[in-house]
Amino acid sequence: MNRLSPPVVLTMAGSDCSAGAGIQADLKTFTTLGCFGLTALTSVVAETSTLVERVQLLDAAMVEDQVRVLMEGFPLAAAKTGMLGGRSQIAAVVKVWSTLGRGIPLVVDPVMVATSGASLLEADAVDEMTGKLFPLATVLTPNLDEAAALVGRRIESRDEMVLGAEVLVERYGCAVLMKGGHLQGSQVPDLLLEKKQGRLIWFEGERIEGVNTHGTGCTYSAAIAAGLGHGKSLEEAVREGKAFVTQAIAEHFRWGQVQALNHTIRDR
């Protein structure tokens, strides 16, 4: 029996041994959303939803080889980056993507700090990420803390989200999805500003209280990459991605103090 092969989507990110974030969360999301997921590992993290104990970056040459072999061997429909960790790891991704990634949608999740507060990006890597990786992106997906660090000022309202998104779009030449989960209030508004159309699109959601949000950024960006891999517009991919991550939060798992998103539900 012949079967249609699903779109192939690549994640270039770190390994979360608790499987709630990183490449593990990305793979679960890709599979649930009907994609075949590939992984290029950048780092290994010893963590749970409540702490990050140790981060070990992989050799940059190994990062480069993984990305190159996969891009030469598979017809990529889309890709995403998550935790890259260090300057040399970012440079490795940029080197291969600049050569082989032309025309492939790339979602860049600028992972800088874990939900637990631990730093996930070396200090000297910021310029490499912003100066060389961001201009390759189809869309950036910063949360408000990451956006504030990139813009250079605090972002605490919807108006400030708009101003911040405009700065980032102008600076990096790609679309920006600014996630409003850190705003106060019962709503979680996300803002998409597209480069070409210059359209501001708000995506609204109800805040779900009492849930550790470890892995939400990974899951959201992976869902967007999956949507783009299926040939959907960026707006549609974001809308479906937000619905997916919201449901993953609402239907979360819990074992005592440890929690995890539920990436397996597709009933929407």
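The values are calculated or read from the model by the stated rules, or taken from the named source; none is laboratory data. What you are looking at is a predicted structure, and each value in this text was computed from that prediction instead of being measured. Surface accessibility is based on the protein's heavy atoms, side chains included, excluding ligands, DNA and RNA. Shrake-Rupley method; radii C 1.70, N 1.55, O 1.52, S 1.80 Å.
Below, the figures for the structure above:
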item	result
Long-range HN-HN contacts of PHE36 with modeled amide H, under 5 Å	VAL8, VAL9
Reach of LYS232 by Cα under 16 Å, taken over lysines that are not fewer than 8 positions away in the same chain	LYS80, LYS242
The chain - accessible surface per residue (Å², probe 1.4 Å)	45 Å²
Accessible heavy-atom area order of TRP255, TRP202, TRP97, highest first, probe of 1.4 Å	TRP255, TRP202, TRP97
Axial C-alpha extent at least 18 Å, average Kyte-Doolittle at least 0.5 - helices from the chain (DSSP)	87-100, 216-229
Surface accessible to a 1.4 Å probe, MET71 within the full protein complex, Å²	30 Å²
Fraction of antiparallel bridges per DSSP, the chain only, in percent to nearest 5	45 percent
Interchain or long-range residues, amide H under 5 Å from GLU47's placed H	CYS17, SER18, GLU53
³J(HN,Hα), Karplus 6.51/-1.76/1.60, whole Hz, each residue of the stretch 187-193, x for Gly, Pro	9, 10, x, 10, 10, 9, 10
For Cα extents along the principal axes in Å, calculated from these coordinates, the label among [x] 46, 42, 41; [y] 71, 49, 34; [z] 53, 48, 36	[x]
Solvent exposure, largest accessible area first (probe 1.4 Å, DNA, RNA and ligands not counted), of THR219, THR32, THR99	THR99, THR32, THR219
The chain - mean residue ellipticity at 222 nm from DSSP helices (-39,500 (n - 2.57) per run, n ≥ 4, rounded to 500)	-11000 deg cm²/dmol
Shape parameters for the stretch 155-268, alpha-carbon atoms, Rg then Dmax in Å	14.7, 47
Bins of 5 Å from zero: percent of alpha-carbon pairs in the stretch 92-221	2, 10, 20, 24, 22, 13, 7, 2, 0
LYS179 accessible area, assembled protein chains, probe 1.4 Å, Å²	20 Å²
